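Taking it in order: structure first as structure tokens, then the write-up.
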Amino acid sequence: MGHFYEKLTRPLLFRLDPEHAHELGVDAMALLGRLTPLCRLLEAWHRPAGGAVECFGLRFPNRVGLAAGFDKNAQAWPAAAALGFGHVEIGTVTLLRQPGNDRPRVFRYPPQEAVINRMGFNNEGSEAVAARLAKQTGPGLRRIPLGINLGKSKVASLDHAVNDYLGSFARLADHADYLVLNVSSPNTPDLRKLQDEERLRELLAAVSGANRARGQTAGKQRKPLLLKIAPDLSFPQIDRVLEVIHEFGLDGIIATNTTLARPEPFAEAGQAGGLSGPPLRRRATEIINYIARATAGRLPIIGVGGISNPESAGEKLDAGATLIQIYTGLIYRGPFFAADLARSLARR
């Protein structure tokens, strides 16, 4: 199937504007999700033997997840298991609806199988996403775990960021199997400043406190809470992030988001935004390995960045990741890339 996609389908899609092709992909996946018998058949076909793993209190049927950024508004995720995914992360969702940055804002680089995007958290907002999730299968009844990735609304200043995240948390926590605080996208002004120790401590104190309070409320439960970091942090900066994560008892970390670095041949690309794909592979793996060593393997890691084949997927696990996520690889390898990876990793 991957060969068919790369030879026939991908050339047709690559004639389209990247964001339009993405929208068609979301629509197609949403349609598949409504064809329940077909989804169950595909899921059974793609399920690898012996690939299940337990992580932060959840069972994942395999190690391969769909990263945030593809299904921003919870429209397509019900079909994820049919495509071979072991979990899916929707979003990034912000408290308020926002259109994102001006188009064009997604750029492909086929020779490097890379993408630069500056989407800017375009999404329908937490209220609309919560309403959609309320009509879908809920936690405990799903085929695979569903994560919800939360970000800061563009109009919220840094001083109001904590309340912005708390508002999204309050609306969406009931619908999540786990939640992620995204403080690392390069496409929302000042967002990455939330990785600074003082601001990060304030944010994690507030959201982890709200999460603990859930666990003390009748009919509610605490949700696994993760942090997603940038690949552009230095190792001393990562040390400080890990200290704050430990202080507030977060359940895991996602390493990494897209990069602002511009290695050759991207130095002259002339496009702002986050670079993803194989150019990010080495740095993401280095950070995963650093975190695993710094925490003696006690902090679960979801590895993301530059996964384009079974070798690069296995590399993330060897470096210390428990789970992996893909997105750019899906663009270049096709809809059943996750199933191929899951089978390969199960055989390891």
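Below, the figures for the structure above:
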| read-out | value |
| --- | --- |
| D (Stokes-Einstein, µm²/s), Kirkwood Cα radius, region 211-348, 0.692 mPa s at 37 °C | 203 µm²/s |
| Centre separation in Å (Cα based) which lies between region 48-104 and region 1-27 | 19 Å |
| Integer Hz, Karplus 6.51/-1.76/1.60 couplings in order for region 117-125, x for Gly and Pro | 10, 9, 4, x, 6, 5, 6, 7, x |
| Unit charges on C-beta of K, R, D, E only; dipole of region 1-66, Debye | 300 debye |
| Electrostatic dipole magnitude of region 2-347 [Cβ: Lys, Arg +1; Asp, Glu -1; Cα centre; debye, to 20] | 800 debye |
| Cα-based equivalent ellipsoid, region 301-348: semi-axes from gyration tensor eigenvalues, Å | 16, 12, 8 |
| Dipole-positive endmost among 75, 90, 149 within the chain (Cβ charges, Cα centre) | 75 |
| Pairs from 72/316; 223/316; 152/223; 193/228; 193/223 whose Cα-Cα separation, in the structure shown, is over 23 Å | 72/316; 223/316; 193/223 |
| Spherically averaged projected area in nm², based on the convex hull that wraps the Cα atoms of region 1-135 | 9.9 nm² |
| Contact order relative to length of region 66-147, as percent, for alpha carbon pairs under 8 angstrom and 6 or more apart | 34 percent |
| Qualifying aspartates and glutamates (Cα of each under 12 Å from Cα of residue 220; at least 8 residues distant if same chain) | 174 |
| Distance between modelled label sites at residue 201 and residue 264, nm, 7 Å Cα→Cβ extension | 4.3 nm |
| Relative contact order, percent, region 2-347 [alpha-carbon distance under 8 Å, six or more residues apart] | 19 percent |
| Charge tally in the Cβ shell below 13 Å around residue 246, where Lys, Arg are +1 and Asp, Glu are -1, residue 246 excluded | -2 |
| Most mobile listed residue (94, 322, 217) in the chain, GNM with C-alpha springs under 10 Å | 217 |
| Within straight-line cross-link reach of residue 154, aspartates and glutamates at Cα separation under 17 Å, skipping those fewer than 8 residues along the same chain | 102, 124, 127, 164, 190 |
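Read-outs throughout are calculated quantities, based only on the coordinates presented, and are distinct from any laboratory measurement. This structure is a prediction, so every number in the text was calculated from the model and none was measured. When we count neighbours, we look across all protein chains shown, and the Cβ atoms used for this are built from the backbone with ideal geometry, even at glycine.
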